[in-house]
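As structure tokens, the structure follows; a few thoughts come after it.
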Amino acid sequence: MDGHLATLGLGGNIGDPRASMARALVLLDTRPDCAVVSVSKLYRTPPWGKIDQAWFFNACAAVRTTLSPDDLLDACLSIERQMKRERLERWGPRTIDIDVLTYGDRMQQSQALEIPHPRMTERGFVLKPLADFAPDLVIAGRTVADWLEDADVAGIEIADPRSDWWRQTTENPQS
């Protein structure tokens, strides 16, 4: 598929976030206008922003898409809604969260979408998984690997070291 390479950040801490993120990636990958080309390891991360809540699972993915940035965001939000995502409070608990981090080298600032994601370079839970497959990706003049050196990654641990964790069935996640 031709198109643009976009990166996404995924996370959740309610229910079975691993299964929710895996399902979201499968739903994206089965769309005719998207193909998942890289996925990070799965990470378990301490809550950020609002810290009195359960730990999160986080991952990043690269997607080749023919969708525009706004249409890609709409596709991600549609998947969140399909999976019963509720936005009750900023940085609060959630079943699934899918953020568009980058879209090629595009820079965009609108009410709906800012690319690159405005806070991604401050978040170890985004940079660490993104560095699994895109350490040389340049964001705001620095590589992901460089940003990661300055990021707070305290407490972040690998929950699944495989990049194909999302293709595993929930009945037998270790197979």
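Some points to look at:
- Single unsatisfied condition, residue 30 versus (1) at pLDDT 90 or above; (2) surrounded by 16 or more Cβ atoms within 10 Å (Cβ to Cβ): (2)
- Taking (1) over 19 Å from residue 167 (Cα atoms); (2) surrounded by fewer than 19 Cβ atoms within 10 Å (Cβ to Cβ) in turn, residue 73 satisfies each apart from (2).
- When we screen 77, 127 for residues that are at pLDDT 90 or above and either in a loop (DSSP other than H, G, I, E, B) or in contact with a helix residue (DSSP H, G or I) (Cβ under 6 Å, 6 or more places away or on another chain) (or both), the only hit is 127.
- Residue check for residue 24: buried (at least 17 other Cβ atoms within 10 Å of the Cβ), under 20 Å from residue 83 (Cβ atoms) and out of contact with any strand residue (DSSP E or B) (no Cβ under 8 Å at 6 or more places or on another chain): no
- The one condition from (1) of a type in the set (Lys, Arg); (2) more than 12 Å from the chain's Cα centre (by Cα); (3) at pLDDT 90 or above that residue 87 does not meet is (3).
- Residue match in the range 20-27 (condition: in contact with a Ser or Thr (Cβ under 9 Å, 6 or more places away or on another chain) and under 21 Å from residue 152 (Cα atoms)): no
- Of all residues in the range 128-165 being more than 25 Å from residue 23 (Cα to Cα) and of a type in the set (Gly, Ala, Ser), the one that is surrounded by the fewest Cβ atoms within 10 Å (Cβ to Cβ): 141
- First in the range 38-64 and small (Gly, Ala, Ser), second anywhere and buried (at least 20 other Cβ atoms within 10 Å of the Cβ) and part of a loop (DSSP other than H, G, I, E, B), Cβ under 8 Å, 6 or more apart: 38/134; 54/13; 59/40; 61/40; 62/134
The values are calculated or read from the model by the stated rules, or taken from the named source; none is laboratory data. All figures in this text were calculated on a predicted structure; none of them were measured in a lab. Every residue, glycine among them, receives a Cβ derived from its backbone with ideal geometry; neighbour counts consider all protein chains shown.
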